[in-house]
There are 6 protein chains.
Amino acid sequence: MPFVHVELFEGRTLEQKAAIAKEITESITKHAGAPASAINVIFTDLPEGTLFQAGEMRKKN
Amino acid sequence: MPFVHVELFEGRTLEQKAAIAKEITESITKHAGAPASAINVIFTDLPEGTLFQAGEMRKKN
Amino acid sequence: MPFVHVELFEGRTLEQKAAIAKEITESITKHAGAPASAINVIFTDLPEGTLFQAGEMRKKN
Amino acid sequence: MPFVHVELFEGRTLEQKAAIAKEITESITKHAGAPASAINVIFTDLPEGTLFQAGEMRKKN
Amino acid sequence: MPFVHVELFEGRTLEQKAAIAKEITESITKHAGAPASAINVIFTDLPEGTLFQAGEMRKKN
Amino acid sequence: MPFVHVELFEGRTLEQKAAIAKEITESITKHAGAPASAINVIFTDLPEGTLFQAGEMRKKN
């Protein structure tokens, strides 16, 4: 705790995810006072065809 | 917002998901007054072997 | 299964949620062939101050 | 209901998941008084590269 | 990791939740080989009026 | 999309959440190339008594 789930389209590299996870962890540590060791960030890669906005399929961005 | 997550067994086609997403979006627009552009529907395909009911594995339906 | 989670701002009545749940259930039954008895729809009411879009707090709609 | 989601690293066998699902179901039946038929346990397999703790990628355990 | 989310109707006591969390933790430790310290169990209490099965509101059990 | 869910103990102020949401949005915009308008951050406040680690209740931090 805190637990952070990030849902995004597949295609981001490990380096991109690592950079985001590092900054999310720093942000929560700084503003919420939680120790970094307690912060878990989990990424879910969504393939195209799984997200619909306004009833229409969204293409990968 | 609203955000809708639908977990179902894998095997449904894009056409089936699109039809469901369209109707969910229309229903929420009609009854909750949310604008369609704000409604996101996300499907998670579950493979067989991931769902257990009453402690027993459920086969794909 | 299928399981449907709907996150929306608090303030919708039980009648509104019931109408949405009924239509989501009918839609999934029709298009995905799942029996109605297996379809669970769960609503999560979000209070104002929990959703941020583009880094800005979204007011209840 | 109850619905139980278990996120864990990929690599566990169907037998391991079945054993865990059976014991979770028994535990909730015993302590919460819910009928076993209403208890659904869903496993999400996470590949390596999706979990970051303290800002660092966690290897599969 | 593993992370376990349990959604159930409100009304269970802290003692009931603690007993369930303890047994889930033991089960995952035994069958999946994960260290107990890495296992987090999170309960979400659902009020009546949030769960609909087969399109009908489910009363608290 | 991306959608970010943050689960943390209740007690953080709106200002703390806003600061975290702003930085998460900036981080994902910078590293994943997603437009800020598509990034939604949702906070779930967990009361004490809902999180158990290693089978033991965690107090609010």
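The values are calculated or read from the model by the stated rules, or taken from the named source; none is laboratory data. Computed from a predicted structure; not experimentally measured. Heads up, the Cβs are rebuilt from the backbone with ideal geometry, glycines too, and the neighbour counts pull from every protein chain shown. Keep in mind that these areas ignore ligands, DNA and RNA; they rest on the heavy atoms of the full protein, side chains included. Shrake-Rupley method; radii C 1.70, N 1.55, O 1.52, S 1.80 Å.
Take the range E:41-55 and flag every residue that is under 16 Å from F:Thr44 (Cβ atoms), surrounded by fewer than 23 Cβ atoms within 10 Å (Cβ to Cβ) and not hydroxyl-bearing (Ser, Thr, Tyr). If the condition is that a residue be under 16 Å from F:Thr44 (Cβ atoms), surrounded by fewer than 23 Cβ atoms within 10 Å (Cβ to Cβ) and not hydroxyl-bearing (Ser, Thr, Tyr), then E:Ile42, E:Asp45, E:Leu46, E:Pro47 are the ones that fit. Scanning the range D:13-26 for residues that are in contact with a Gly (Cβ under 9 Å, 6 or more places away or on another chain) and open to solvent by 30 Å² or more (accessible area, probe 1.4 Å) yields D:Leu14, D:Gln16, D:Ala18, D:Lys22, D:Glu23, D:Glu26.
Residue-wise test of (1) of a type in the set (Asp, Glu); (2) modelled with pLDDT of 95 or more; (3) more than 10 Å from the chain's Cα centre (by Cα).
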{"site": "C:His5", "(1), (2), (3)": "no, yes, no"}
{"site": "C:Leu8", "(1), (2), (3)": "no, yes, no"}
{"site": "C:Ala19", "(1), (2), (3)": "no, yes, yes"}
{"site": "C:Lys22", "(1), (2), (3)": "no, yes, yes"}
{"site": "C:Thr29", "(1), (2), (3)": "no, yes, yes"}
{"site": "C:Ala34", "(1), (2), (3)": "no, no, yes"}
{"site": "C:Pro47", "(1), (2), (3)": "no, yes, yes"}
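E:Ala38 - would you say it is open to solvent by 10 Å² or more (accessible area, probe 1.4 Å), within 23 Å of D:Leu14 (Cβ to Cβ) and in contact (Cβ under 8 Å) with a residue 24 or more places away in the chain? Yes, satisfied.
Exactly one residue out of F:Phe3, F:Phe9, F:Phe43 is farther than 30 Å from A:Lys59 by Cα and among the hydrophobic types (A, V, I, L, M, F, W, C): that is F:Phe9. Can you find a residue in the range E:8-21 that is without any contact (Cβ under 8 Å) to a residue 24 or more places away in the chain, of a type in the set (Ser, Thr, Tyr) and in contact with a helix residue (DSSP H, G or I) (Cβ under 8 Å, 6 or more places away or on another chain)? For the range E:8-21, residues without any contact (Cβ under 8 Å) to a residue 24 or more places away in the chain, of a type in the set (Ser, Thr, Tyr) and in contact with a helix residue (DSSP H, G or I) (Cβ under 8 Å, 6 or more places away or on another chain): absent.
Condition check: open to solvent by 50 Å² or more (accessible area, probe 1.4 Å), among the β-branched types (Val, Ile, Thr) and free of Cβ contacts under 8 Å to residues at least 40 places away in the same chain. Does C:Thr29 satisfy that? Judged against the criteria, C:Thr29 is a match.
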